[in-house]
Amino acid sequence: MREKLTSLPDNELQNLLKKEDEGAFSVIFDRYWKKLYNYAHKIYRDEEICQDIVQEIFISLWNNASSSNILNLEAYLMRSVKYRIANHIRGLKFSQEHIDVLQDIPTPSKTTVDIEYQEFEKGILTEIEKLSPKCREVFLLSRFENYTNSEIAKKLNLSVHTVEKHISNAIKHLRNNLDNYQLAIVVISLFL
C-alpha cells in the first residue's frame, strides 16, 4: 500500500489527505521534509529553529487539510517556510542588513503566482478597505509606506496616541476577520 501511495502525484495525495489519510500525509512528509528543511536552513542557519518551523508547517498542513484548497503543494509549502521564518525573525531585534536579506530571499523557481494567492491578496485588501477612512489612511502609511508613528502624526495633524490607536484598531479588525495563518502572512508581508 505504501508503495502505491509513493507513486501518486501531489494532487491525489492531497485528496487523500483531506480524508485524513495518514499514509498520504506520511508520503507528503517524506517527500518534502528534507527539501523544506534545506530551504529553511539556507535562509536561517539555526538547525533547531528550522526543524521546528518545518514541523509546524506539517502540523498545520494536517490540521487544515480538510478545509484547505492548495493548488500547488510544493509552492505552498515553500512559501510557508519563507513566511514562518520571516515571522520568527520579525520577533527578534535586527538591523537593516537583516531586513535586506529577508527581502532578497528568492522564491523557489517552481513557484508561480497562482489563483490561490491572488484570492488571498484580494481578501486582505477587501478587509483593509472596510476600515474607516482615517484608520485605513494611518494603517497604509504605517505598513505600506513605512512611516513612523510620529511622522504619520505630523503628516495628518494627529497625536501619536491617536495614530497608535488607529493602527491597533486596524490590526484588531484584521485579527477578527482573518484566520491566524492569513493574519501572520499579512503582518509579515506588511512589515517587510
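The values are calculated or read from the model by the stated rules, or taken from the named source; none is laboratory data. Because the structure is a prediction, the values reported are computed rather than measured. Here the Cβ is made from the backbone with ideal geometry for all residues, glycine too, and neighbour counts use every protein chain on show. Surface accessibility is based on the protein's heavy atoms, side chains included, excluding ligands, DNA and RNA. Shrake-Rupley method; radii C 1.70, N 1.55, O 1.52, S 1.80 Å.
Computed values, structure above
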{"item": "Enumeration of residues in region 15-46 that are more than 19 Å from residue 85 (Cα to Cα) and surrounded by 18 or more Cβ atoms within 10 Å (Cβ to Cβ)", "result": "16, 17, 24, 25, 27, 28"}
{"item": "Subset of region 18-74 (residues that are of a type in the set (Val, Ile, Thr) and under 24 Å from residue 7 (Cα atoms))", "result": "27, 28, 54, 57, 59, 70"}
{"item": "Options 147, 83: the member that is modelled with pLDDT of 70 or more, within 30 Å of residue 41 (Cα to Cα), of a type in the set (Ser, Thr, Tyr) and surrounded by 12 or more Cβ atoms within 10 Å (Cβ to Cβ)", "result": "83"}
{"item": "Which listed residue is in contact (Cβ under 8 Å) with a residue 60 or more places away in the chain and on the phi < 0 side of the Ramachandran plot, from 59, 43, 85", "result": "43"}
{"item": "Per-region count, region 151-175, residues open to solvent by 70 Å² or more (accessible area, probe 1.4 Å) and either over 12 Å from residue 128 (Cα atoms) or among the aromatic types (Phe, Trp, Tyr) (or both)", "result": "7"}
{"item": "Pair list, Cβ under 7 Å, 6 or more apart: region 4-28 residue farther than 12 Å from residue 65 by Cα, other residue open to solvent by 40 Å² or more (accessible area, probe 1.4 Å)", "result": "23/1; 23/2; 27/6"}
{"item": "Restricting region 94-114 to residues that are in a loop (DSSP other than H, G, I, E, B) and acidic (Asp, Glu), the residue that is modelled with the highest pLDDT", "result": "104"}
{"item": "Count of region 115-137 residues which are at pLDDT below 70 and either among the aromatic types (Phe, Trp, Tyr) or surrounded by 14 or more Cβ atoms within 10 Å (Cβ to Cβ) (or both)", "result": "4"}
{"item": "Hits in region 47-78 - residues which are in a loop (DSSP other than H, G, I, E, B) and either acidic (Asp, Glu) or open to solvent by 10 Å² or more (accessible area, probe 1.4 Å) (or both)", "result": "64, 66, 67, 68, 69, 70, 71, 72"}
